[in-house]
Amino acid sequence: MAYIEPAPLKDRENPFEAMMSRFHVASQILGLEDEIYNVLKSPSRQVIVSLPVTMDDGSIRVFEGYRVIHSNILGPSKGGIRYDPMVNLDEVKALAAWMTWKCAVVDIPYGGAKGGITCNPREMSSGEIERLTRAYTTAMFHVFGPDQDIPAPDMGTGPREMAWLMDEYSKMRGMTVNAVVTGKPIVLGGSLGRTEATGRGVMVSAMAAMEKLKINPYKATCAVQGFGNVGSWAARLLHERGLTVQAISDLSGAYYSEKGIDPEKAVAYRDANKGSLEGFPDATRITNEELLELPVDVLVPAATEDVITGSNAPKIQAKLIVEGANGPTSSKADSIINDKGIMVVPDILANAGGVTVSYFEWIQNRLGYKWTADRVNRRSDRIMKDAFNNVFKVAQEYKVPMRIAAYMVAIDKVAKTYKYRGGF
Ligand code: GLU
């Protein structure tokens, strides 16, 4: 295939370019044809909407909302909705493409999409967030659908927003359509195990990687960056499996204890402290930057994109990085991390537990049936373990890092499906 110069790398990496540079490398190793490369590199649909919302003080504010459908080759598109002040089209495009590769790596029949609204939910009342969510749903009514495009939570959203979305969409359809969105509250047809699913998948892939690296979990230490849904569940479940969680962090800073932090206590503290770890006792305050550079066995970046960069990668001391967040490692950091011999379980594999249980939720909604938590966990653990082993095998066979191997598995699957379908 034709060589396309990777995008110039700035200090703060554009997430779409970061995604494309890995896609490019994996496509070259696979010998992907130019035509298919061009199809897969371009998002199939990008929708931008303006959302006027009446604020509590009576004023009207206009928010910008996005939904990018990267691909629907494997099935209806799937992906979360992010509420964050930094949301922009390039970020949503990258996150949508990552969803395509993520669904393909774990072999579930979905394409990839992502949505977002540029807003700061921390500074908005619940009523304002509800009106914003309903306005977004109305604007995206023709995009969403249980057989078309199925949203879910992401940064800044959770079951509450998914409930409003389901309600608004159902009202417009004139019937209850719970399969239009996943990550709903259990009473609305949410799946048992969905809340902890992403963190659980992080734990399953970390355990699988530790087995390969011969790290004894009972003697291992870990640091988790980000204490939202993914990070806090990953910390709790890794702690349950014997690891000493030496550091955790959130927007307020990072908290370190050589003896270990009890993640259950940290969750209770956070929940009683307006969602923040500020003032967390029995730990030394360090910075988020210092957390990343601790001499731990396992590092779990579970906050946001682009935290392991060309400048701090040389200082990373962990033996294993398990990416709970999407895109936490910049493409510039990849080669530094690889040269240091650190194993990385990449985002599109490590955090795929969330979308896997979303898939189970959608299946249950369509069947009008409910699975037990045990069934959900057993099946998602199996999927995560199989996907890990599959990617590991490709990494060994082609002598490439796990990240490139994961992209190769995903791109190969989507490309083959596209060829069988004959293009459309
Ligand atoms: N937002 C999550 C992710 O990035 C979940 C997506 C979903 O469940 O559809 O994987």
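Points worth noting:
- Peptides 24-30, 357-363, 273-279, 247-253 ranked from most to least packed give 357-363, 247-253, 24-30, 273-279, packing being the mean of other C-beta atoms within 10 angstrom over each peptide's residues.
- Approximate shape of the stretch 319-423 as ellipsoid semi-axes (Cα gyration tensor, √5λ), whole Å, largest first: 28, 19, 12
- 10 Å-binned pair-distance histogram of the stretch 182-243 (Cα, whole percent): 22, 45, 23, 9, 1
- Gain on full stretching of the segment that runs from residue 271 to residue 34 - 0.36 nm per residue minus C-alpha separation: 80.2 nm
- Calculated FRET efficiency for the pair residue 138/residue 386, C-beta based, R₀ 45 Å, to 0.05: 0.70
- Placing +1 on the Cβ of every Lys and Arg and -1 on the Cβ of every Asp and Glu, with no other charges, gives the stretch 156-302 a dipole of roughly 500 debye about its Cα centre.
- Inverse of mean 1/r across different Cα pairs in the stretch 268-314, Kirkwood, Å: 12.8 Å
- Percent of Cα-Cα distances greater than 25 Å, calculated over the stretch 129-280: 43 percent
- Binning all Cα-Cα separations of the stretch 24-88 at 10 Å, short to long from zero, yields these whole-percent fractions: 16, 32, 27, 15, 7, 2.
- Length gained when the stretch residue 126-residue 212 is fully extended (0.36 nm per residue, less Cα-Cα span): 26.4 nm
- Per the Debye formula on identical point scatterers at the alpha carbon atoms of the stretch 207-322, with no solvent, log10 I(q)/I(0) at q = 0.14, 0.16, 0.20 Å⁻¹ is -0.50, -0.66, -1.04.
- Ratio Rg/Rh [Cα only; Rh per Kirkwood] for the stretch 16-143: 1.06
- Rounded to the nearest 20 debye, the dipole size of the stretch 157-239 about its Cα centre is 220 debye, using +1 on the Cβ of Lys and Arg and -1 on the Cβ of Asp and Glu.
- In the chain, the calculated helix contribution to ellipticity at 222 nm averages -14500 deg cm²/dmol per residue, counting -39,500 (n - 2.57) for every DSSP H run with n ≥ 4.
- Multiplying the residue separation of residue 379 and residue 160 by 0.36 nm and removing their Cα-Cα distance gives an extension gain of 76.3 nm.
- Taking the Cα centre of the chain as origin and assigning +1 to Lys and Arg Cβ atoms and -1 to Asp and Glu Cβ atoms, the resulting dipole is close to 1220 debye.
- Averaging 1/r across all pairs of distinct Cα atoms in the chain and inverting the result yields a Kirkwood radius of 21.6 Å.
- 16 Å cut-off, amide nitrogen to a point 7 angstrom out along residue 240 Cα→Cβ, residues in the stretch 176-200: 192-200
- Helix runs (DSSP H) in the chain reaching 18 Å along axis by Cα, Kyte-Doolittle at least 0.5: 89-105
- Model label zone, residue 419; criterion: amide N under 20 Å from point 7 Å along Cα-to-beta-carbon; scope the stretch 32-48: 32-42
- Over 18 Å (Cα to Cα) - which of 41/419; 93/114; 41/416; 265/385 fall in this group: 265/385
- FRET efficiency, residue 56 to residue 88 (Cβ-Cβ, R0 22 Å, nearest 0.05): 0.25
- R0 of 22 Å, Cβ-Cβ distance residue 262-residue 284: FRET efficiency to nearest 0.05: 0.90
Computed from the coordinates by the stated procedures, all read-outs in this text should not be read as laboratory data. This is a predicted model, so every value here is computed, not measured. With ideal geometry, Cβ positions are generated from the backbone for all residues, glycine too; neighbour counts draw on all protein chains shown.
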